Amino acid sequence: MSWAGPDDFYLSTSLASYLDKKLLVLLRDGRKLIGTLCSFDQFANAVLESACERVIVGDLYCDIPLGLYVIRGENVVLIGELDLEREELPPHMTRVSVAEIRRAQKAEREATDLKGTMRKRMEFLDLD
Amino acid sequence: MFCHPNRLQRTKQSPFSPSLSLTSTRAKSSYALLHRQTKMLFFSYFKDLVGREVTVELKNDLAIRGTLHSVDQYLNIKLENTRVVDQEKYPHMLSVRNCFIRGSVVRYVQLPPDGVDIDLLHDATRREARGG
């Protein structure tokens, strides 16, 4: 990340403009963290305050509170500024409890595994 | 966690090199470009594209369209007025209008066809290959 000099104000890719803003951080493992940016450094390491993980399964979602989080920069995919005037999620999505979203995650995982095993069993047929 | 990168860069430079700030717009001068041409070609190229509409495709298959706001030496990208290409697949991105993308996760940057001066790019590449 470049350090903004007086000439570079408009060219800087610094995260300084995101300080104290509510952000969405996408991680390499697919997790979505939401929180307020406290600090950052040149590696895109970040400290999020009042962080929560937004788990989305189909049309269900749940925000799991995490507290103060330090994120190592190498895991960061994207840091997006959440526009407070807009809806964060489409209206058809429903908020559920942690237990229910965990059940939904488990069901989705099992469905993917089942698809995988079925595909493996069909491979010998050489249908392609 | 704050560390002034210029301090780090100066220690790597030889005593004979001019101590020009890499991030300064003065670096656009041809002397600075020629001297620091190694590893700087795409950075300079993207700096010229600031303000254009681009689509960034990430390694996790997410594609984001937006105006290029800024770029840095790691090719981290800041986009404004963003919208996701396949919005329905990524509902969490609905209210994101500006974002910072880490350079290491970019797969492609799709450019406007008139954003490329092919000859200039060829010349710069040849110069870098020869002089770098």
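Taking the conditions (1) at pLDDT 90 or above; (2) acidic (D, E); (3) surrounded by 12 or more Cβ atoms within 10 Å (Cβ to Cβ) in turn, B:D61 satisfies each one other than (3).
Among residues that are β-branched (V, I, T) and part of a helix (DSSP H, G or I), A:T112 is included.
Anything in the range B:100-132 that is of a type in the set (A, V, I, L, M) and either farther than 29 Å from A:Y61 by Cα or assigned to a loop (DSSP other than H, G, I, E, B) (or both)? List them, or say none. Those that are of a type in the set (A, V, I, L, M) and either farther than 29 Å from A:Y61 by Cα or assigned to a loop (DSSP other than H, G, I, E, B) (or both): B:V109, B:L111, B:V116, B:I118, B:L120, B:L121, B:A124, B:A129. Being within 7 Å of another protein chain (Cβ to nearest Cβ), more than 13 Å from the chain's Cα centre (by Cα), part of a strand (DSSP E or B) and over 11 Å from A:L78 (Cβ atoms) holds for only one residue in B:R83, B:R97, B:R65, and it is B:R97.
Residue by residue, here is whether (1) modelled with pLDDT of 95 or more; (2) farther than 23 Å from A:E108 by Cα holds:
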position: A:W3; (1), (2): no, yes
position: A:P6; (1), (2): no, yes
position: A:T13; (1), (2): no, yes
position: A:K21; (1), (2): no, yes
position: A:F43; (1), (2): no, yes
position: A:V55; (1), (2): no, no
position: A:I64; (1), (2): no, no
position: A:V70; (1), (2): yes, yes
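The values are calculated or read from the model by the stated rules, or taken from the named source; none is laboratory data. Predicted, not measured: the structure shown is a model, and the values here were computed from it. Don't worry about glycine lacking a Cβ; one is built from the backbone with ideal geometry, like all the others, and counts go over all protein chains shown.
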